[in-house]
Structures are given as structure tokens and as C-alpha cells.
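The values are calculated or read from the model by the stated rules, or taken from the named source; none is laboratory data. Keep in mind it's a predicted model, so treat the numbers as computed, not measured. Positions of Cβ are backbone-derived with ideal geometry, glycine not excepted, and every protein chain shown enters the neighbour counts. Ligands, DNA and RNA are excluded from the accessible area calculation, which covers all protein heavy atoms including side chains. Shrake-Rupley method; radii C 1.70, N 1.55, O 1.52, S 1.80 Å.
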Amino acid sequence: MAGGILVGLAPVVSPSTRVLVLGSFPGVASLRAQQYYGHPQNHFWRILQALWPQHPLPPRDDYAARCAWLCARGLGVWDVYLACEREGSLDTHIRNAQLNDFAGLRTQLPQLAAIAHNGGESFRHAKSVRAGMGLADGEAPASLRLPSTSPANASWSFDKKLTAWHDAMAAYGLV
């Protein structure tokens, strides 16, 4: 995945999406698998399973079922960046990034209550995302900063990440 322009993944959303989780840009493992949070050490899917233990998460090799499971919980997932240049998977290596079309996405999300940024790089663009959706400061949906589920975010334990994610989902009636 070295050199050239990298293109991200399509959004995973439904009209019932209440919380949109925005990452920055898929890592190498996710791009290779063409799956959000495809790195086996990323805590994203493990956190979601812990939030809804009564609903077994489909296996990693059934990504379509995982996406349907995610949408059935009222979640959507996408990234801040449509495309960028990057060596490796670290956000700090992202160059020449292009933002996704948030105006177009907003029309697909009539029940959107919150935009949950998965990590600091995504949250850094919260104002641009809101502007792209035609939202004023303070207007719903809310913008939230969640701890990154990335394995690079080793300063947060799994349990600490889970608590933060649980609190955010509970605030919007999803758990």
C-alpha cells in the first residue's frame, strides 16, 4: 500500500442509523480486506460485541452480516477521508487527504442523533464534517470524541475504551 492515492471504503449506514461512527481512514489491513476495522487487534468489533452481548456478532469472514448487525444496532460507520496518501497505517502519515461527501450522506440519515469520532484525527475534522452536513455549532446531531479503537491507542485499556463507548451509546438509547 505504499505510494499513490489510497481510496477509502463506502459508508455502512441505513435510514435507522442514530449514531454515525467516523474513523479517519482505513488502515492497511482494512483496505486489504475491504472491511472497516479489519485489523485483528483493533478493538472496534470486540467493543461492539461487549455492548450487545445478547446479539452474537457474525464472524469476521461474513462481513456483509457484520454490516447488517451494525446497522441493526442503530450504528453506521464511515471515515472522515475519502482518499489520501499514506505509508503504513498511522494517522500521522496521512498526506493530501480529501474529505468525504458529508452533505450527500446526511440525506441518507433521517434519524441521525450523534456523530461519534473514533479517535483524535477524526475529531480534528468535527467542524468540517458538521459544515459539510450543513449543521451549525450546537445544532443536533451532537459531535462526540471517543477513544480510538486502534491498536496504536495503547494508552487506553480495553475496559476504559469500552466504558467510554458504552456511555456514548447509552446517551443515545442504543444500549
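Observations on the model:
- Residues of region 136-171 that turn out to be in contact (Cβ under 8 Å) with a residue 24 or more places away in the chain, farther than 23 Å from residue 41 by Cβ, open to solvent by 50 Å² or more (accessible area, probe 1.4 Å) and assigned to a loop (DSSP other than H, G, I, E, B), as a count: 1
- Scanning region 118-128 for residues that are within 20 Å of residue 95 (Cβ to Cβ) and outside any loop (DSSP other than H, G, I, E, B) gives 120, 121, 122, 123, 128.
- Residue 95 vs. criteria open to solvent by 50 Å² or more (accessible area, probe 1.4 Å), touching a Cys at 6+ places or on another chain (Cβ under 9 Å) and charged (D, E, K, R): yes
- Selection of first residues in region 79-93 that are closer than 22 Å to residue 20 by Cβ and of second residues that are aromatic (Phe, Trp, Tyr) and open to solvent by less than 60 Å² (accessible area, probe 1.4 Å), restricted to Cβ pairs under 6 Å at least 6 apart or on distinct chains, gives the following pairs, ordered by first then second residue: 79/25; 81/25; 84/25.
- Residues that are in contact with a strand residue (DSSP E or B) (Cβ under 8 Å, 6 or more places away or on another chain) and more than 15 Å from residue 122 (Cβ to Cβ) were ranked within region 96-107; the one that is modelled with the lowest pLDDT is 96.
- Residue within region 157-165 that is under 13 Å from residue 51 (Cα atoms), modelled with pLDDT of 95 or more and of a type in the set (A, V, I, L, M) present: yes
- For region 99-135, filtered to residues that are in contact with a Gly (Cβ under 9 Å, 6 or more places away or on another chain) and among the aliphatic types (A, V, I, L, M), the residue that is most open to solvent (accessible area, probe 1.4 Å) is 99.
- Taken over region 42-95, the residue count meeting the criterion of being farther than 24 Å from residue 160 by Cβ, modelled with pLDDT of 95 or more and aliphatic (A, V, I, L, M) is 6.
- Filtered by the rule that a residue be of a type outside the set (Gly, Ala, Ser) and in contact with a strand residue (DSSP E or B) (Cβ under 8 Å, 6 or more places away or on another chain), region 82-95 gives 82, 84, 85, 86, 94, 95.
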